[in-house]
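Asker: The structure follows.
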Amino acid sequence: MPIKVLSEDLINKIAAGEVVERPASVVKELVENSLDAQASRIIIDIQDSGKKLIRVTDNGKGMTQEDAKKSILRHATSKLQNELDLYSISTLGFRGEALASISAVSQVSIITKTQNEFAGFNLIIEAGSTISSGIIAAEQGTTIEIRNIFFNTPARKKFLKSDSVELRHIIDVITHYALCYPNISFKLTHEGHILLNSPAMEDQQDNIGTIYGASTAKKLLKLEYENEFLKISGYIGAPYDARNDKNQQAFFVNKRWIKNQELSKAVYEGYHSMLFVGKHPTFVLDLTLDPQKVDVNIHPQKTEIKIEESTLVNKSLQEAIKKTLREYNLIPIVNVEEQLTFGRPTVKSSKKETKYAYEQSEQAVLHVREKPVITTKEQLSSVLNAALEEDSNENSVVYQQPQVEIHTTKFPSLKILGQIHKTFFVAETEGGLFYLDQHATHERVLYEKFMQQYLGQNVEIQTLLQPDIIEFSSKEKILVEEHQHKLNEYGFRLEHFGQNSYVLKTKPLLFNRLQSSEILKEFLDTLSTGRNTLEEFQEIIITRMACRSAHMAGEELTTTQMNLVIKELAKCKDPFTCPHGRPTMIKVESNELEKKFRRCH
Ligand code: ADP
Ligand code: MG
């Protein structure tokens with residue numbers, strides 16, 4: 001066949017295939033146009049899940065007659081004036097192809113009026129050709145009606161999903177824009193029924209309340225973060241309020257709703273080890289970046305973007321999440337009147353309860369002085385001499401007077417009262433008491449301590465006096481040979497001992513309770529899948545080792561041991577959850593006890 005230049009009509013139809021995937025894509029393009037036209041009120045009316053009618057009415061700038069006629073031409077836009085504009089886009093649209101594509105595959109009516117014109121202008125288009133145009137009475141703004149989408153592209157129509165799926169996609173679009181633009185009023189109706197009504201609001205949290213529900217919004221944590229590359233603002237959910245689905249997650253970059261795997265991953269990494277497996281946090285986050293660093297021109301639907309220096313952006317986002325979670329004191333509180341449930345701490349309540357004096361005992365773990373770190377021989381001998389002197393003086397008090405340590409985290413001051421069922425610690429604190437899960441608590445401590453050693457490349461090792469001999473399978477042996485260096489990094493030194501046997505010479509000191517052969521086999525097994533990134537691997541293996549060597553439920557501990565664990569926990573960055581996201585401690589407030597004993601007046 002000879003080469004033929006395609007007709008404009010056919011070009012538009014082809015382009016429509018990319019821009020207009022489904023009714024929701026039309027809704028998105030029209031709403032974006034209304035936002036670009038600075039509307040403060042956008043009404044979206046839908047019939048038959050968008051297949052019969054999509055009507056978007058705004059009170060924005062409107063178009064002149066000339067512009068209205070041009071608006072449906074391909075590559076006609078008022079948003080780019082020259083090539084330079086393409087590299088710093090500040091509007092949602094810029095490609096000038098949405099109206100052209102939409103009108104190529106449907107019947108369109110545009111009614112529009114600018115502030116300066118007396119009357120409105122109406123344009124009717126079908127399959128890309130203007131059918132009629134004329135003057136019409138109208139308010140300032142634009143109403144665009146799309147009827148019978150894909151009426152002339154039956155193949156595309158056939159690919160539409162069920163009505164409820166298509167409608168859900170439309171709701172998704174409006175929900176996201178309503179979340180991102182709290183000061184704009186959005187109303188979405190289907191067959192005359194209101195599906196979403198989000199009036200203009202000053203406060204973003206109230207706005208989230210109209211969309212995700214007031215009870216969810218109330219519990220969200222405010223996030224605000226800024227550094228030299230970007231600004232992030234919005235709200236995130238507490239880890240223990242995480243959901244089973246990802247339906248309450250929204251990212252905006254420069255006020256554009258986008259989907260981006262890497263940003264999403266950065267958020268989860270920010271929650272790192274605080275989320276239960278399979279749980280998803282709620283977040284509504286708005287990232288503001290220099291538009292020159294964001295390329296939105298990589299896909300006709302403009303939902304995917306490319307960010308320059310994305311590693312820095314991802315790191316910042318991760319940091320912002322971490323910082324916010326730490327700023328809030330995320331200890332679950334128990335209400336003894338009801339079921340044991342997790343709630344937000346009511347920090348103030350302890351203030352009222354001054355009648356219960358909380359005195360820190362000498363055992364109060366946070367007040368024990370740190371041992372000096374010995375790094376040189378001189379230091380070692382001076383410490384030894386001091387110890388000898390103390391030994392020779394029988395009357396000397398070995399216990400040091402408590403010294404107050406200041407912690408940046410809001411870790412509560414605790415006085416251990418004992419252990420119950422060989423599983424939980426009970427501790428008194430200001431305004432109530434804490435139950436701590438001994439396994440989860442110790443797990444967190446080991447995890448963070450090891451992680452710090454590992455990242456600092458100074459994993460402390462223990463040389464085994466009686467080296468373990470470990471028998472590997474042939475497949476495992478290959479992995480041992482290949483990854484010997486990595487095993488060393490984690491503190492496991494293996495020496496070949498003939499055939500498939502190895503002698504284990506050292507273990508990581510922190511995990512000296514580990515069954516070495518078992519963990520080494522898991523180590524190799526995790527490596528052999530090759531599915532994880534280095535960081536994921538490190539996460540999996542360190543979490544597992546911490547879990548295996550932490551105090552188990554059923555293990556009897558002395559007060560000294562309990563105090564030691566709590567002292568270490570107080571130094572952790574994320575002391576309130578174990579690395580799997582379960583809480584380490586829960587608080588019962590004194591006023592809850594009063595209620596239970598009917599001491600309330
Ligand atoms: P783009 O948004 O990429 O410029 P579109 O095809 O979506 O391309 O729209 C073409 C032009 O029509 C826009 O640049 C804008 O000038 C005008 N336009 C479209 N919708 C509206 C609206 N709701 N209000 C005012 N102008 C509009
Ligand atoms: Mg547009």
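Asker: Report Ser78's accessible area, 1.4 Å probe, all protein chains in place, as a number in Å² to the nearest 10.
Answerer: Approximately 90 Å² for this residue.
Asker: For Gln462 and Lys521, FRET efficiency with R0 = 25 Å and r from the beta-carbon atoms, rounded to 0.05?
Answerer: Approximately 0.80, to the nearest 0.05.
Asker: Please give, to one decimal in nm, the separation of the simple spin-label points placed at Ile469 and Glu139, each 7 Å out from Cα toward the Cβ.
Answerer: Result: 8.9 nm between the two label points.
Asker: Pairing the Cα long axis of helix 8-19 with the longest principal axis of the chain, what angle in degrees results, from 0 to 90 and rounded to the nearest 10?
Answerer: So the helix axis and the longest Cα principal axis differ by about 20 degrees.
Asker: Based solely on C-alpha atoms, express the radius of gyration and the Dmax of the chain in angstrom.
Answerer: When restricted to the Cα atoms of the chain, Rg and Dmax are 31.8, 107 Å.
Asker: As I understand it, the value is the acute angle between the Cα axis of helix 516-529 and the longest principal axis of the Cα atoms of the chain; what does it come to in degrees, rounded to 10?
Answerer: Orientation of helix 516-529: about 20 degrees from the principal axis.
Asker: On the full set of protein chains, 1.4 Å probe, figure out the accessible area of Thr533 and give it in Å² to the nearest 10.
Answerer: It works out to around 60 Å².
Asker: For helix 261-271, what angle does its Cα long axis make with the longest principal axis of the chain, in degrees from 0 to 90 and rounded to 10?
Answerer: 30 degrees
Asker: Another question about this same structure. Would you pull out the residues with amide H under 5 Å of Phe576's amide H, same chain only if 5 or more places away, H placed 1.01 Å from N?
Answerer: none
Asker: So, in nm, how far is label Ala553 from label Glu202 when the simple model puts each one 7 Å beyond its Cα toward the Cβ?
Answerer: 5.0 nm
Asker: Ok, one more. Given a Förster distance of 22 angstrom, what is the FRET efficiency for Ala119 paired with Gln38, based on the Cβ-Cβ distance and rounded to 0.05?
Answerer: My answer for the efficiency is 0.55.
Asker: Evaluate E = 1/(1 + (r/R0)^6) for Ser7 and Lys231, where r is the Cβ-Cβ distance and R0 equals 51 Å; express this FRET efficiency to the nearest 0.05.
Answerer: Calculated transfer efficiency: 0.60.
Asker: Label points 7 Å out from Cα along the Cβ direction at Glu224 and Tyr87: separation in nm?
Answerer: 3.4 nm
Asker: Which value in deg cm²/dmol, rounded to the nearest 500, describes the helix-derived mean residue ellipticity at 222 nm for the chain, given -39,500 (n - 2.57) per DSSP H run of n ≥ 4 and division by the residue count?
Answerer: Per the formula, -10500 deg cm²/dmol.
Asker: Going 7 Å from the Cα of His483 along its beta-carbon direction, which residues of the range 497-525 have the amide nitrogen within less than 11 Å of the resulting point?
Answerer: From the range 497-525, the list is 520-525.
Asker: Continuing with the same structure: How much accessible surface area, in Å² rounded to 10, belongs to the heavy atoms of Tyr240 with a 1.4 Å probe?
Answerer: Probe radius 1.4 Å; accessible area of Tyr240 about 50 Å².
The values are calculated or read from the model by the stated rules, or taken from the named source; none is laboratory data. Quick caveat: nothing in here was measured; it's all calculated off a predicted structure. Cβ atoms come from the backbone with ideal geometry, glycine included; neighbour counts cover every protein chain shown. Ligands, DNA and RNA are excluded from the accessible area calculation, which covers all protein heavy atoms including side chains. Shrake-Rupley method; radii C 1.70, N 1.55, O 1.52, S 1.80 Å.
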